[in-house]
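Novice: Quick one: the structure is below, questions incoming.
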Amino acid sequence: MTIGGAAAPASDVRRHLDAIIAESGSGDWSDSQAAQRSSSLVLDRILGRQGFLAASVAELAGSLRGCESYPYMDKLLLWRSDDGDLRLRLHVFSPGYADRPHNHRWSFASRLLGGAYLHTLYGDEHEVLDNAQRGTAPRARFIHELATGAAYFLHHSQVHSLSTETETVSLVLRGPSRKDDYFTWEEASRRVVWSSGAAREDAADSASKAMDDAGYARVLGALDRLGF
C-alpha cells in the first residue's frame with residue numbers, strides 16, 4: 001500500500017484515517033450542508049490515496065468486530081471515532097438486494113464505488129408515521145438510479161429505500177446518532193416496526209448478524225472485481 005507516495009503498513013491505517021478526519025474537519029452534523037461538505041472531503045481523501053481502501057479492509061482480517069452480514073448485503077466497519085459518533089463503513093450489495101422504506105438514527109454521506117442502485121425517497125419521517133397510523137403505505141416522492149461515482153447526503157429525518165440488480169459497493173461516513181430508535185415499513189402488516197441501535201440489542205440479535213469469514217471473503221471478492 002502507498003499513502004501519499006510513501007509505503008505504509010496496514011497497521012498505520014487507523015492513524016491515517018484519524019488524520020484524514022482531523023484535516024477535513026468533522027463538520028457540524030446538525031447542518032446538512034456543512035456535514036455534506038466535510039464528508040465529501042473525507043471520502044475524496046480516502047479514495048484519492050492509492051491502495052488505502054484495500055489496506056483498510058485488509059487490516060480487519062481476523063477481527064471483524066462491528067462488521068455485519070444480512071441477506072444480500074455485507075457491511076464492514078472500517079473506522080470509528082473514539083467517542084463512536086463518526087463511523088466509516090463499506091457496504092457491499094449483492095444482486096437482488098431490496099430493503100423496505102426506513103429512516104436512520106443518524107445522517108450519512110454515501111459514495112458509490114461500483115455498480116448501481118435505485119434510490120427511493122418517501123419524505124419526512126413524521127409524514128410517513130402519520131400516514132402509517134392510518135395504514136397508508138409510504139408514497140415514493142423521488143426515484144433515481146445512482147451509478148458508479150454518484151454521491152449523496154441523507155438527513156436522518158428522511159425515509160428511503162434501496163434496491164439493486166447488480167453487485168454494488170458504497171463507502172459511507174455516518175454522523176452522530178440523533179435518536180434511540182428507527183423504523184421500517186412492513187407492507188404485509190401495513191405498519192411500521194421499530195428497532196433499536198446495536199448498543200441496545202441483545203446478544204442473540206448481535207450474533208445473528210455478525211459477519212463471518214465467508215462474508216469477509218465476499219467483500220474482498222467485490223473489491224477485487226472493482227480493481228481496489
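The values are calculated or read from the model by the stated rules, or taken from the named source; none is laboratory data. Just so it is clear, the structure is predicted and the values come from calculations on it, not from any experiment. Every residue, glycine as well, gets a Cβ built from its backbone with ideal geometry; the counts of neighbours run over all protein chains shown.
Novice: Would you pick out the residues in segment 197-222 that are of a type in the set (A, V, I, L, M, F, W, C) and closer than 14 Å to residue 73 by Cα?
Specialist: Matches in segment 197-222: 210, 211, 214, 217, 219, 220, 222.
Here is a yes/no grid of residues against (1) surrounded by fewer than 21 Cβ atoms within 10 Å (Cβ to Cβ); (2) within 15 Å of the chain's Cα centre (by Cα); (3) more than 30 Å from residue 193 (Cα to Cα):
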{"site": "42", "(1), (2), (3)": "no, yes, yes"}
{"site": "48", "(1), (2), (3)": "yes, no, yes"}
{"site": "52", "(1), (2), (3)": "no, no, yes"}
{"site": "56", "(1), (2), (3)": "no, no, yes"}
{"site": "59", "(1), (2), (3)": "yes, no, yes"}
{"site": "77", "(1), (2), (3)": "yes, yes, no"}
{"site": "88", "(1), (2), (3)": "no, yes, no"}
{"site": "94", "(1), (2), (3)": "yes, yes, no"}
{"site": "101", "(1), (2), (3)": "no, no, no"}
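Novice: Give the residue that is nearest to residue 81 (Cα to Cα), with candidates limited to residues of segment 22-33 that are in contact with a Ser or Thr (Cβ under 7 Å, 6 or more places away or on another chain) and at pLDDT below 90.
Specialist: 26
Novice: Being surrounded by 12 or more Cβ atoms within 10 Å (Cβ to Cβ), more than 15 Å from the chain's Cα centre (by Cα) and among the aliphatic types (A, V, I, L, M) is true for just one of 210, 204, 150, 214. Which residue is that?
Specialist: Of 210, 204, 150, 214, the one residue that is surrounded by 12 or more Cβ atoms within 10 Å (Cβ to Cβ), more than 15 Å from the chain's Cα centre (by Cα) and among the aliphatic types (A, V, I, L, M) is 210.
Novice: Next up: Quick check on this structure: which one of 219, 159, 192 is in contact (Cβ under 8 Å) with a residue 12 or more places away in the chain, touching a His at 6+ places or on another chain (Cβ under 8 Å) and either surrounded by 14 or more Cβ atoms within 10 Å (Cβ to Cβ) or not aromatic (Phe, Trp, Tyr) (or both)?
Specialist: 159
Novice: Which numbered condition trips up residue 121, out of (1) in a strand (DSSP E or B); (2) farther than 26 Å from residue 57 by Cβ; (3) touching a helix residue (DSSP H, G or I) at 6+ places or on another chain (Cβ under 9 Å); (4) hydrophobic (A, V, I, L, M, F, W, C)?
Specialist: Condition (3) is where residue 121 drops out.
Novice: Anything in segment 199-224 that is among the aliphatic types (A, V, I, L, M), farther than 21 Å from residue 114 by Cα and in contact with a strand residue (DSSP E or B) (Cβ under 8 Å, 6 or more places away or on another chain)? List them, or say none.
Specialist: Selection gives 210, 211.
Novice: I would also like to ask the following. Please enumerate the residues belonging to segment 12-29 that are β-branched (Val, Ile, Thr) and either surrounded by fewer than 14 Cβ atoms within 10 Å (Cβ to Cβ) or without any contact (Cβ under 8 Å) to a residue 40 or more places away in the chain (or both).
Specialist: If the condition is that a residue be β-branched (Val, Ile, Thr) and either surrounded by fewer than 14 Cβ atoms within 10 Å (Cβ to Cβ) or without any contact (Cβ under 8 Å) to a residue 40 or more places away in the chain (or both), then 20 is the only one that fits.
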